[in-house]
Amino acid sequence: MTHLWVRAESRPNEDRVGITPEGVAKLRAAGMRVTVEDSPRRVIPTEDYARAGADIAVEGTWPAAPDDAIIFGLKELPQDGTPLHHRHIMFGHAFKGQPDGQMLLRRFREGGGALYDLEYLLDADGRRLAAFGYWAGFAGAAVSLKCWAAQQRGEICPPVQAYADQHRLTEDLRARLDATNLPRPRAIVVGAKGRVGRGAADLLSQLGVAVTRWDMAETAHGGPFPEILAHDIFINAILAQPGAPVFVPAEAVGPGRALRVIGDVACDPTSAFSPIKVYDRCTTWDAPALRVAEAPPLDVMAIDNLPSMLPRESSLDYAAQLLPVLAQLDRIEAGPWSGARAIFDRHVSGR
């Protein structure tokens with residue numbers, strides 16, 4: 001019997017979950033066993049999973065789960081260096097040369113386990129089968145606007161928090177923008193046709209911001225891209241990957257630019273393929289903006305769990321996309337799971 005073990009997220013400000021109680025009920029009806037760890041932070045209460053028939057485990061006990069259990073979470077594991085012997089489903093951020101990713105792969109090599117990275121669950125055309133992208137873009141654009149509004153007060157963006165729903169987020173943001181007594185800034189979204197870009201453009205448009213939408217046609221010449229520097233806000237929705245053009249080179253921190261805020265929603269600064277070359281580390285909920293230039297200011301927003309600012313909406317959306325893939329776990333050696341495993345095997349072996 002396939003055994004899916006849903007671990008509690010250990011990262012601060014991470015309230016999302018990748019499966020709903022309704023999804024648990026469907027997997028159980030299909031013959032799977034599902035264990036859900038208790039979590040006081042998860043946006044969906046533990047008792048809802050119990051009512052759906054899940055076994056409930058103590059938070060953080062996944063290392064002692066049965067060897068054949070498949071451990072399912074979203075964000076990173078605790079970085080304690082212990083070998084990993086289970087099969088894990090999560091966003092590993094381990095296949096683009098990231099330093100933390102290399103440590104994660106070493107743990108899998110030492111323990112004999114395997115990573116089925118959620119980013120690499122793909123259909124036959126190479127498209128992701130489930131993604132948080134829309135809400136990442138929506139929240140990323142929101143925090144970028146908060147950064148711009150803070151600049152108008154002569155400040156840097158204060159800490160951010162989760163919202164009960166998108167309407168409370170937009171109401172708060174509208175009040176902050178109106179308080180500047182200035183016209184709305186001009187924004188450009190690169191990758192506007194994808195999930196992330198659509199979410200960012202939707203949020204900006206709701207707040208009355210004029211949006212320039214770019215996608216592959218506008219960036220195919222490979223750069224440079226002076227048009228980006230002519231906007232107040234730039235939202236990057238393009239993943240770091242081989243062949244990605246550089247949208248903001250290191251020298252862009254100089255004067256003579258309109259650009260004041262970069263919202264790097266793709267957020268992969270430690271990858272050599274990052275298209276944003278003016279910063280080298282992610283930002284956080286407590287410190288959302290990294291100031292990389294003064295006179296005029298330039299702030300980078302690069303929070304890597306943006307959808308958790310709208311945990312309920314993003315969880316329900318993602319879980320609905322992922323459930324048909326989870327339903328195939330009893331055939332883990334085939335289909336998208338097989339493809340994800342092949343990518344892991346290639347990287348863990350160093351090939």
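What net charge do the residues around Gly92 carry, taking every other residue with its C-beta under 9 Å from that of Gly92, with Lys and Arg at +1 and Asp and Glu at -1?
-3
Paramagnetic label reach from Ala320 (point 7 Å along Cα→Cβ; backbone nitrogen cut-off under 18 Å): within the stretch 118-147, residues 129-139. A Förster distance of 56 Å, applied to the separation of the beta-carbon atoms of Arg51 and Gln102, puts the FRET efficiency at 0.85. Label positions at Glu294 and Ala64, each projected 7 Å from the Cα along the C-beta direction, are separated by 5.3 nm. Evaluating 6.51 cos²θ - 1.76 cosθ + 1.60 at θ = phi - 60° for every residue in the stretch 245-251, the Karplus couplings come out as x, 8, 8, 10, x, 4, 6 Hz, glycine and proline recorded as x. Surface composition of the stretch 1-152: carbon plus sulfur atoms contribute 51% of the solvent-accessible area (1.4 Å probe, protein chains only, all chains present). The Cα-based radius of gyration of the chain, divided by its Kirkwood radius, gives an Rg/Rh of 0.98.
Taken per residue, the accessible surface of the stretch 1-105 reaches 42 Å², heavy atoms only and a 1.4 Å probe. For the stretch 198-351, a Kirkwood radius taken over Cα pairs fed into Stokes-Einstein (25 °C, viscosity 0.890 mPa s) yields D = 137 µm²/s.
Return the single residue from Ala319, Ala142, Ala217 with maximal mean-square fluctuation; model: Gaussian network over the chain, springs between Cα atoms under 10 Å. Per the Cα network of the chain with a 10 Å cutoff, Ala217 tops the list. In loop segments of the stretch 146-197 as defined by DSSP, the trypsin sites (Lys or Arg not before Pro) with at most 11 further C-beta atoms inside 10 Å of their C-beta are Arg153. Here is what passes the span test in the chain: the DSSP H helices with alpha carbon length of 24 Å or more along the helix axis and a Kyte-Doolittle mean of -1.0 or above are 133-152. Of the residues Val190, Val292, Val278, the one that moves most in a GNM of the chain with alpha-carbon contacts below 10 Å is Val292. Amide hydrogen proximity for Ala210: with H placed 1.01 Å from N in the peptide plane, the residues at 5 or more positions away or on another chain lying under 5 Å are Ala187. Taking the protein heavy atoms of the stretch 254-308 in the context of the full set of protein chains, the accessible area attributed to carbon and sulfur is 54 percent at 1.4 Å.
Modelled this way, with points 7 Å down the Cα-to-C-beta line, the labels at Ala30 and Arg168 are 3.3 nm from one another.
Based on DSSP H segments of at least four residues, each scored -39500 (n - 2.57), the chain has a per-residue ellipticity at 222 nm of -9500 deg cm²/dmol. Residues in the stretch 248-303 average 37 Å² of solvent-accessible surface per residue, probe 1.4 Å, ligands and nucleic acids excluded. Taking 19 Å as the cut-off, the amide N atoms of the stretch 299-336 that come nearer than this to a point 7 Å along the Cα-to-beta-carbon line of Asp202 belong to 305-323. Dimensions of the stretch 129-188 along the principal axes, based on C-alpha atoms and rounded to the nearest Å, stand at 42, 26, 18, largest first.
In order along the stretch 57-65, the Karplus-derived 3J(HN,Hα) couplings, from 6.51 cos²θ - 1.76 cosθ + 1.60 at θ = phi - 60°, round to 10, 5, 4, x, 9, 4, x, 9, 5 Hz, and Gly and Pro are given as x.
Net charge dipole, the stretch 98-233: roughly 100 debye, given to the nearest 20, about the Cα centre with Cβ charges of +1 for Lys and Arg and -1 for Asp and Glu. Taking amide H positions as modeled 1.01 Å from N, with prolines and chain starts lacking one, the residues under 5 Å from Leu115 and 5 or more places away or on another chain are His88.
Largest GNM mean-square fluctuation among Pro158, Pro185, Pro307, using the chain with Cα springs under 10 Å: Pro158. The figure for Asp68 is an accessible area of roughly 90 square angstrom, using a 1.4 Å probe on the protein chains alone.
The values are calculated or read from the model by the stated rules, or taken from the named source; none is laboratory data. Everything quoted here is computed from the prediction, not taken from an experiment. Note: ideal-geometry Cβ built from the backbone for every residue, glycine included; neighbour counts use all protein chains shown. Heavy atoms of the whole protein, side chains included, go into the accessibility calculation; ligands, DNA and RNA do not. Shrake-Rupley method; radii C 1.70, N 1.55, O 1.52, S 1.80 Å.
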